[in-house]
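The structure appears right after this line, and notes come after that.
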Amino acid sequence: MNKVIEVIKIIASGQKHFINFIRIAIFIVMAWIGGLKAFQYEADGIVPFVINSPFMNFFYNNTGKTAIDANGKTVAEYTLYKNPEGKTVQKNVDWHKSNGTYYFSYGLGTFIVIIGLLTLLGIWSPKIGLVGGLLTFGMSIVTLSFLITTPEVYVPNLGGDFPTPQYGFPYLSGAGRLVLKDIIMMAGGAIAASDAAQRILKKI
């Protein structure tokens, strides 16, 4: 029992280090994901999120456009120009260029890396860390809104013989499961910001 108490005490005394670990983790995620925004496949991949978001779709040139698919159905134009990860189709790339996909992605990636860096610097500067934590929290709110605005975050109805339909809400697709994890980023940003705020108050 005494050994268990000792372990609990060690964990309790490490809170400051764990909060800094949150800052490091946020930086790693932000720097990696933000850096990937400079690459074509990642820029293409965020189009469904951005083009369906009322907070972000004005950044694109082809928002709201529709087209006729191979089955004669009217669909959102962007759905016809998706490049699968690992494959590049030139006509799709040309559409994304006309859409402003890549320029927006470069700007977004830079912003994300900056947020990660500001959060990381909170280890040494609480004022900078407060800004970074709040921006992480705010960015996560926008990202989580994709669960409401983006059709691709839920499993589509492709038919089949299974007796119970497993599509739509609450059946998250791969994209949806990725977005949902941002609730952890939101919590991490809030913790980092709160810790920074406490340190600022101690100096007043």
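Every number here is computed from the coordinates shown, using simple stated rules; none is lab data. If you're wondering where the values come from, they're calculated on a predicted model, not measured in any experiment. Neighbour counts run over all protein chains shown; Cβ positions are idealised from the backbone, glycine included.
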Item to check | Count, lysine Cα pairs under 14 Å in the chain, 8 or more residues apart or across chains | outcome: 5
Checklist outcome for this item: GNM of the chain, Cα pairs under 10 angstrom: of GLY133, GLY109, GLY159, the biggest fluctuation goes to GLY159
Item to check | Inter-label distance for LYS87 and PHE18, nm, one decimal - labels placed 7 Å from Cα along Cα-to-Cβ | outcome: 4.6
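How would you rank 2-8, 141-147, highest first, on the average number of other Cβ atoms within 10 Å across their residues? Can you show the working numbers first?
Working: 2-8: 8.6, 141-147: 17.0.
Highest to lowest by the protection proxy: 141-147, 2-8.
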Checklist entry - What is the fewest-to-most order of ARG23, ARG177, ARG199 by other Cβ atoms lying within 10 Å of their Cβ? => result ARG177, ARG199, ARG23
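Using the Cα gyration tensor of the stretch 43-150, with a ≥ b ≥ c the square roots of its eigenvalues, what is the shape: rounded (a/c below 1.5), prolate (a/b larger than b/c) or oblate (neither)? Mind dumping the intermediate values first?
On the way: a/c = 3.19, a/b = 2.22, b/c = 1.43.
Prolate is the answer for the stretch 43-150, as a/c is 1.5 or above and a/b outweighs b/c.
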Next on the checklist: Please report the spacing between the Cα centers of the stretch 1-62 and the stretch 133-202 in Å, no decimals.
Outcome noted: 11
Checklist outcome for this item: Over the Cα atoms of the chain the radius of gyration and the largest Cα-Cα distance (Dmax), both in Å, equal 21.0, 72
Checklist outcome for this item: So the angle from the long Cα axis of helix 2-13 to the longest Cα principal axis of the chain, reported in degrees to the nearest 10, equals 70
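Neighbour counts of other C-beta atoms within 10 Å: give me ASP182, ASP69, ASP44 arranged from fewest to most.
ASP69, ASP182, ASP44
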